[in-house]
Each structure stands twice: as C-alpha cells, then as structure tokens.
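Here the structure comes first, spelled out in structure tokens, and everything after it is commentary.
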Amino acid sequence: MNIAATGNNDDLQIMRDLIRDHQDGFALPRHFYTSQAVYEHDIKAYWNHNWIWVGHVSQIPEPGDYFLFEYGPESIIVVRDRENIVRAHLNVCRHRGSRVCLKESGKAKLFSCPYHAWTYELNGRLRGGRAMGPDFNPADYGLFAANVRVFQGLIFICVADNPPPIDEGLARLAPLTEPYGLERLKIAHSASYPVPANWKLALENYMECYHCAPSHKDYSRSHSLKDPRELEELIAPLKERSVGAGLQPVNLELTGGDAAGPAADIYYRRYPLFPGYKTGSKSGEPLAPLLGQLSGFDGGTTDIQIGPLNNFLAYSDHVVGYRFVPRSMQETDIQIIWMVDQDAEEGRDYDKEMLTWLWHVTSLDDERIIRHNQEGVNSHRFVPGPLAEMEWGIRDFYHGYLRLV
Amino acid sequence: MNIAATGNNDDLQIMRDLIRDHQDGFALPRHFYTSQAVYEHDIKAYWNHNWIWVGHVSQIPEPGDYFLFEYGPESIIVVRDRENIVRAHLNVCRHRGSRVCLKESGKAKLFSCPYHAWTYELNGRLRGGRAMGPDFNPADYGLFAANVRVFQGLIFICVADNPPPIDEGLARLAPLTEPYGLERLKIAHSASYPVPANWKLALENYMECYHCAPSHKDYSRSHSLKDPRELEELIAPLKERSVGAGLQPVNLELTGGDAAGPAADIYYRRYPLFPGYKTGSKSGEPLAPLLGQLSGFDGGTTDIQIGPLNNFLAYSDHVVGYRFVPRSMQETDIQIIWMVDQDAEEGRDYDKEMLTWLWHVTSLDDERIIRHNQEGVNSHRFVPGPLAEMEWGIRDFYHGYLRLV
Amino acid sequence: MNIAATGNNDDLQIMRDLIRDHQDGFALPRHFYTSQAVYEHDIKAYWNHNWIWVGHVSQIPEPGDYFLFEYGPESIIVVRDRENIVRAHLNVCRHRGSRVCLKESGKAKLFSCPYHAWTYELNGRLRGGRAMGPDFNPADYGLFAANVRVFQGLIFICVADNPPPIDEGLARLAPLTEPYGLERLKIAHSASYPVPANWKLALENYMECYHCAPSHKDYSRSHSLKDPRELEELIAPLKERSVGAGLQPVNLELTGGDAAGPAADIYYRRYPLFPGYKTGSKSGEPLAPLLGQLSGFDGGTTDIQIGPLNNFLAYSDHVVGYRFVPRSMQETDIQIIWMVDQDAEEGRDYDKEMLTWLWHVTSLDDERIIRHNQEGVNSHRFVPGPLAEMEWGIRDFYHGYLRLV
C-alpha cells in the first residue's frame, strides 16, 4: 500500500505543522490530544514502533500457553511455541483479516481462523491453505511476527519491522535489577482503570510527581518524591541501607544522546520512602516476602522505565507494573499489574487487599485528575503552559515522541 | 451544490488512491472498511446509484398503503398511489428538510410534513405551500422521486437520477423465476441481525461459501455448496428432477461484459441439496406449500441475485431474501425476510419457528464471524490476502464496486 | 499557534466553498449540519466570537459566589470578585490545561487547580506558581478573562479578544426593557431539553413561527404569532393598553446596516396575546406578581433578542430565557430559564408547575420536530428549499452567521 493511500502524507504534514507549534519546555498543543488523525498516527507511528510490555513468562509456563494483548485496534497473540520459545504474532488472519484467536488466554496446539479455517502453527507458520489452488505457497502467509524480548521474565513486543534498539540498554540495566529476581515473579493481581482521556495525558500523569503533593495524600505520606528538596537528605542514608540489602546504590539514565535510540529510554532510579515505611503499604509494614536475593527492607523503592511506554515500581517485596493503553482517541485504560515472588501464597504470605491498596487509591485519584485535564485541554482557548522543573520526565517524553511521529 | 463543497473532490482523490492500491484477486485494503470518508462516499456513490430491494407488493395492496425503507442516512417512502402505481419518494421535505413521514408503515391519504405542514399527494406532488408568497410554484417542490421497478412482485428502488440499466436483465431472468410465482408471495417473517462491521464485510460474507464448511454446521449438513467437488455429481440428477418439477434446468449469469451495466449483475443459479433434503429445513421435510406452478420438491435450491446488493434463496416452498443495510461506518443490519405463498396460513400450512430455523442459526454464526473479521481488518498491520477460488463472488463484487465509487 | 496547525486554513476553505453554495432566501446546505469540521469551526469562529447569556446576577449575590457555564468543549467560571465585580474566566489552568473549578456553582475564596495546585484569585490572577523557578512570572499566567456585560442584571460573556460591539445596542434597548425591572428577577426554574440535532437547527426553530400553527397547539391558542394577518388588528389596541401598563409601545430592530456590528443584532418586539389571555398561562390568568414598574397586564408579550444566540420572552409577570447550547455536532441542549420577581415566593405567589407549563409542552414539541429535521437533513439527497416570509428571522441569522464563520 503506498503511503498516500493510507493518508500518511497528509498526516505527516499535519504532524509537522503541529510539531512546529510546540515550544520546548511547554505542554503540547491541543490538537495532539483532540485530533482523530493524530490519534491514528500515534498508533501507527508511535505505538507500533515502540516496545510494549505485555506480560510475564509466568503467564505462559508451558508450550501452547498463550494470552492476547490488545491496544488501539491491534491484537497480539503472545505464545510459547513447541520449541519453548516465546513468540508474538499479529492476531490477524493473512487471508481476509479475521481475528484468528478469540480467547483472552488459554492453551492451544494450533490457531485455526474461525472464518475459513486457515490454520497456523504455534510458531505462526500457515499449515496448508484449504482450496487455495496450486500456486499458493503457505510459507508466504504465516502470521506476521512481532519482535519479542524477554528481560528477566518480563515480555516486551514491538510490531515494527525495525524496532528501536533496546538490547544494549537492557544489558546495562540487567545487573541493577538482578537482585530483585524479576524472572521469579508471578502476577498477584491486575486491574484496569478506564479514563476518558488521550493516552498521552495518562502517561504524562505518571511521568511527573509535581502533582503528587496536591493530588495524592496517601502516596505522599510514604513516598519522598513529593518535594525534591526533602529528598536530598534522605538519599545518603538510603544508599547505605541499599548496599546492605543487596542493591547497587546507583542510578541509570539512558536517554537522548546516551541512549541506544530515540525511543529506547531506560531508567533505573532509587528513591527513599519516608522513615517508618519499609514498602508501599498503608502501615509501612511489609506486604509480601522479600524478592529475589534481597536480604532486607532498605526503605527505598525503585523507578524502572523500559522504553517510554513501560513503567515499573520495584519495592523490596513486590513490583508494580503500569501501562496506559489507548482504546480510542479519548479513551485509555490505566492497567496496573501487581507482582510478588512466585512462591508467595495469597492468604498466607500476602493479602491482596493490602497489597493493592496504595496504587488502587492513587489510580482512582489519577483517573479523576486526568479526566479533568482532558476536559480543559479540549477547550479551543487552551494554550500550553510552562512545565515545572519536576516535570522533566514529560519533557523527555515529548522529545522522543516528537522525533518518532 | 458544487462538487468541491461537498468534499467530493477530496473523496474522489482518496478513492482513486485506494483503488490503485487494490490488487486484483486479493481482499480490499483496510481503509475501505475503516474510513468515515469512504463510508459516506459508499452511500453517495454506491448505494445511492444501485437498485435496492425494499419489499414486496403484498405489503401495500391498496392505494395509500405505504412503508418506509431506510439505509445509512436515507429514508424512502414506498407507497401505492391513487392510480395504483407503486412509487418511492425521498422522505425529506422540500422546504427545510424534515422527515415527512414518521411511521414505519400505514395507510395515508396525504403526507403532511410535521414541521410546517407542507403537504404532499401520494404521488409526491406538493399541494400548495402555506404562506409561501405569489412567486412560489408548488410544481417545483414535489418530493424527490426514486426510481421503482416491480419484478414479479418484488419492489426495487434507486434514488439516482440515472439508475443502472436493469430492464434487459430482468427480462431475461423473468422466465426462469416465473414458476416460483414470486408475485404471489407474502412475508411470513422478518428479522434483523445487527453486526458491528462495515456493510461490505457483511455482504462479502454472503457472497462466498468458502466459509460454510468451517462456520456453518447446520447449513453444510443440507446444502452442497460447501465443497464444489461434491457438487458435480449431484447436479445432473438435480437437473432431471427440476424439469419434472417445472423449473428450467439452466443458470443465468449477467455480469461484466455480458451484463447490461456495471452494477446490473443478475444471477440465477440452481444447486442441489443433499439427498434426503426437500428444502432448507432441519429435518429435510417440507416447510410450507409448494410455490407457484411447481409440481414437486426437486431437492434443489436457487440462488438469485438482482443487482449486487440484493440476494434471494428460493426453495421449492419458500423464498428467503437478504439485505445488508449500512447504519454507520461499522454498523450493519443483516436483514432477512422469509416469504411463503400468499395462501399459506401460519399454524396450518407452516410453522414460523421451523420455517426460520436454518437462516436464523446461520445468521447468528455470520454475525460472529463478520464481527471478528472487522476487528482484524481494523489493525494497521492488516495486509489483504489472496481470495480462494470459491470466493469468485467477492471478486466480482469488487470489480463492480470499484468501477462505481 | 499558527493558523495552519489548527486546521484553520482548511476549515476556512471548506467554509468559503460551503458559503458559496448557499442561496440567499433558502435553507443552508446539508454540510452545515453534518460536518464535524464545520461544527468545530462553529465553536471557534461563531460561539467564541459572540455574546452568550450565561445567567443572572441574583445567582451570585456576594463576593466569591460563582457558577459554571459550559458549551461545546468550553467551560466558563462566572464569579463575583472581592471588589464586587462580575467576572468570567476560562476554566482552563494556564499550566497544563486542567479544569480549575469542578463544581457547577458555589462560594470560593480562591480557585485552586486540582492537578498541581496552581491557585488563582477570584479576579483570575495567579498566586505564585509552586516550584516554577525564578524566571516564572505569575502575572503572565492568570486565567484567561472572558468579556462580561451585565445588562439590567442579565450576565453576558464573550471569550473573543475582540468581542462584537454591543454597548450602543444595549443603551438603546435599556429604556424599553426598564419597566420590566430585569435586575430584580430571580430564577424560578431551569430545564434542559436535549435534542439530537445540530445547534443551528434548534436555534432556527426558535427563530420562526411558521411552524407554530401546525406544531404548537397550546402556544397557538394564546399567542397571535401564528398568522401575521390576524396580528394586525390586535396590535393597535395592544399599543394603547401597553402605555397604560407602563410600557413604551415601540419596537426596536438593530440589525444589518443599523446594528453596531454583524453579530450585535438586538430586537425588542411587542405582540398581542389573544383576547382572554393576560400572560402565557393555560387559563389566561396571571402566573406571578407583576414585574418591575408595570401597573397592569396589558395582554401582550415581548420578544427580546440580545445578539443572535440569546432570546427572551417577557410577559407581564415572568420572563423566559432560551439558549440552544451545542454539546456535539448533533447534540444540543435546549435550555429554558423561567424568571419571576425576586420577592415572589413559590407556593404563595406562583405555582412552578403552572408557571412552566406552556414552554415545557412547547419544548417537548420542538424536541420532536427538530430531531426529525436533522434526520431529513442528514440525507445525501437533501436540497435546501425556499424560506417562507415568516422565516425572516432565519434569513437574518444566516446573514450574520455566514459573515462570521
């Protein structure tokens, strides 16, 4: 398909005009959040060219185990094949485009299209092609493969032919996250918070803690990010405790010139909880058994970002993953996934209600403030204002986003 | 209104680009099913320039009887006027555009607009024009007439000023369908199956039986179309039985070079039911009295297509009509109308539940597979695949469609 | 933001083409009511450049009292500030655009943004700007002010930098409306009638009484506008009675060449009720105490229009205000506000059910006919018809509208 026919030429011109309007250090103009054309371009040019965290290997332990991951109009089958390799396929039949797999998760020997029964192997290869004539070569019509990276058990996919380079970044991140034993996690709970706003407003909300003090009372009681000045004096003692607990007391920021590529931003940042808090719990007390090789609660937490779309918060006893999944131009699902050690048993080793409390209440706050943000941005009289210093994460996101779209 | 103002120029350019992208023998590109501009162009350039089957004369036996037929944003009044002529009018007041007729069906002496009481005769002529001044000539403001053809009781309309030629095709079809006594039918039941998909995906689904074997267990038990190879040996005996029952054992295909025009495709094709089946019933036994001049059940059925949008399946004892009515870009109503001989009495001569069973269950299947087809086609990574030989009907449809839009 | 980036250039070209298609004395072409681009342009170029009636000073008697007024994607805070001045602010934070004020009405000392706690004075000035660095000047980031005019207690706002001139028109209107004591009104009841139609179809419906006879039985029983010929003989006696009751027996029409500006249309027109009717009641009897300085019921009513978007109907004992508020391209709220003298007490001096009866039933009629108007206009075959003489108000509206968009 040529680029004109998909409207890409027009889209690109619109995007170029919009990008020229953007002033560095300020919020993005209204149209980035209100235009259907921009939204569709976002999926095609940004989401489909970035790495997306879709799940954990513990969800598909055996050959044939699979689950679907969906964003915008896209659906991906994530499956462990007969050779034990984790693969991802576009869930689109190569014949006339039907969804091939309809169940959210399960165990399969083959994927057979419900329309005309074109049948695919777990590795995506087409088995024959019923009544397609002698010139038909099934090898040409396997399911489109998405790129896959499994990083310490976390599964990332990218549907682009040329995904952004991420391997060098992951290699540098690996020793820092290793003590957490991420490959030994299991999913304790998943929740989805639908918000009537563009996905970028939801993501931006996660990227700054300038709003934490006014908007998140519960979070601010335990987490020090609310004011960078208070942070300084807490950091030195945390470093000492971290080393004691088995964590390296360093940060990693691969972005811009340092990063392997424009969208391969990888961060690993430690920051202190307030005194009395061992983890992100209401009481300050532990929520689950210590993770991986950690030898104690050091009173800190770790922000991990792998690519611009995937965020994790690693406490000493659990990891919380965040995604901001576009559904339509102004509909986004905030997806939160709580993970604990695979040997932890609900009821005995952790209480689901207590485990999920903090980020449940915080997400309810966020749903509300993101919604009101979108309502205001919809005004024809909205003029983007200046970003605060604490909003550097948003500025970085804009840089990467505007390079890619 | 000039063409630029309605956006037609842009639409035409977009359509030309899209058409260039289409590869003969393959499915259509994504944008044909996902673009609001293409959808609106479909209504304006395709639906409004094709013949549409709207109903049967038995619905309006007497002068003043009328019913509405609606598709996309269009509404048509189909009425028998005082001279006993079946007419069709655009249901749009010539003053400021209100719907004139609000009831789905009824008996009227006049149509009076509910807004300013402009009043029209059954034949569409405006009666005066209240307080419009001396220069106003009511003769200039009758309801816009749609073209009408009544073929053996079946009513077709086309709102274009120059409808595609259909008369020669109907003349050639007439002797073949005559034994069925179509003008003696009555509607036994109508049902609507809404499907969240573009109308073209719904129509394409009807146009091929490549999906019948995997998708329609009940249909495939009785109807031989599921595999063309099995078909051959059943056809010769059917021909013999057909002659005995009063039907001509020939097929008619007016299309492409043969047809009167690009959109006037007319087909009449006989095909066998499997041994033991007299009609499209669950048991194989008859569902209603024999139609027209038929002298017996010959164990066959007839596919009739009149223009690309209108399909009928004629069994020996009932006729099923199909329409795939666009409601919005990705909302379509599959409408099914079951017809029996006018003298057949429900309860005595036919059981409605049994009569409608096959195409009810088959349509539930179709609703599901068409929905999943649209979901997959929505993917930005959908690439149209090759059509199977059994999908020749779709290829023909594309040819006619792409010539017209 | 340059004009190209907001799509304005394209919009303007589309609008110019559409405007060229319009024939004076006829309805507007379909696209004015069916195009998303035109709708968004309507808000930006028409609503945001016109005066809008938002309420009455009695709603905000004391400093800090405020209410929100919303149309399309816009939200306006109308507030009485500490200096007792009625002000209107865009309800959009100057930081990243969140709604600042979330409650429909209330009493505030400050407006603090719920996202990052940027805090604004009642007069719109930003108080500091938390953690924004030394170069940040709060004076540059006050809430955007909307223009405000308070005319005899009625509050009008306009968000444009250069609002259409209205002061001279209001000065000429003032002596005519003065006897009604509008500044002494209070709101007795408000109601909203959602209609699935473009705002222009709702407004046009109000602007002509050509439809009153066929559509509004209850209205037509008491109000003489249904037929201009009957009107003549009733007008002379009304003039005499008006003078007796304290009203000036003159009309005022400031429009076109006479008016201060294209959008500043101001009308004041008296017309008779039918004999036996003292006010717009079911029985003809009074509904509430006489307004202002009126000394009696003169059996007339007064149409007041202040700018093209704001309509009032002043009876001797109550005033009804109308707005047709756009919500989306084909969703509009008909808002009706019934006002009586501030000293009138519900239950003792007026019965709410009786007070609101006439315009409640009339609006139910209008909801229905406007809906059917939109349905018909949606047809691709709709061709705008000629306006009747009684529809002069619509023609005037088109003139002003087409000059501005």
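The values are calculated or read from the model by the stated rules, or taken from the named source; none is laboratory data. None of the values given here were measured: they were computed from a predicted structure. Cβ atoms come from the backbone with ideal geometry, glycine included; neighbour counts cover every protein chain shown.
Of note:
- Some residue of the stretch C:143-165 being within 13 Å of chain A (Cβ to nearest Cβ), more than 15 Å from C:Ile52 (Cα to Cα) and not small (Gly, Ala, Ser): yes
- Across the stretch A:26-52, the number of residues qualifying as more than 14 Å from chain C (Cβ to nearest Cβ) and among the aliphatic types (A, V, I, L, M) comes to 3.
- Candidates B:Ala174, B:Ala236, B:Ala197: the one that is without any contact (Cβ under 8 Å) to a residue 40 or more places away in the chain and touching a strand residue (DSSP E or B) at 6+ places or on another chain (Cβ under 8 Å) is B:Ala174.
- Boolean, B:Gln23 is at the interface with chain C (Cβ under 10 Å from one of its Cβ atoms), more than 23 Å from B:Ile166 (Cβ to Cβ), surrounded by fewer than 19 Cβ atoms within 10 Å (Cβ to Cβ) and touching a residue at least 60 places away in the same chain (Cβ under 8 Å): no
- Matching residues, the stretch A:338-368, being part of a strand (DSSP E or B) and either closer than 30 Å to A:Glu40 by Cβ or free of Cβ contacts under 8 Å to residues at least 24 places away in the same chain (or both): none
- One residue stands out in the stretch C:369-402 among those that are small (Gly, Ala, Ser) and within 7 Å of chain B (Cβ to nearest Cβ): the one that is surrounded by the fewest Cβ atoms within 10 Å (Cβ to Cβ), namely C:Gly385.
- In the stretch B:175-191 there is at least one residue matching the filter, namely being part of a strand (DSSP E or B) and within 28 Å of B:Met390 (Cβ to Cβ).
- Exclusive hit being more than 29 Å from B:Asp317 (Cβ to Cβ), basic (Lys, Arg) and within 14 Å of chain C (Cβ to nearest Cβ), set B:Arg82, B:Arg99, B:Arg87: B:Arg99
- If you go through the stretch B:369-397 and keep only what is modelled with pLDDT of 95 or more and assigned to a helix (DSSP H, G or I), you end up with B:Ile369, B:Ile370, B:Arg371, B:His372, B:Asn373, B:Gln374, B:Glu375, B:Gly376, B:Val377.
- Positions within the stretch B:271-292 being surrounded by 20 or more Cβ atoms within 10 Å (Cβ to Cβ) and of a type in the set (Lys, Arg), in sequence order: B:Lys278
- Qualifying residue in the stretch C:149-172 (condition: farther than 25 Å from C:Arg94 by Cα, touching an Asp or Glu at 6+ places or on another chain (Cβ under 9 Å) and part of a helix (DSSP H, G or I)): yes
- Test for A:Leu309: is it touching a Ser or Thr at 6+ places or on another chain (Cβ under 8 Å) and away from chain C (no Cβ under 14 Å): no
- Scanning the stretch A:197-248 for residues that are of a type in the set (D, E, K, R) and part of a loop (DSSP other than H, G, I, E, B), we see that the one that is modelled with the highest pLDDT is A:Glu208.
- Residue in the stretch B:117-132 that is in contact (Cβ under 8 Å) with a residue 40 or more places away in the chain and facing another protein chain (nearest Cβ under 10 Å) present: no
- Output for the stretch B:120-171, where each listed residue is more than 26 Å from B:Phe67 (Cα to Cα) and either surrounded by 15 or more Cβ atoms within 10 Å (Cβ to Cβ) or hydrophobic (A, V, I, L, M, F, W, C) (or both): B:Arg130, B:Ala131, B:Met132, B:Phe136, B:Gly169, B:Ala171
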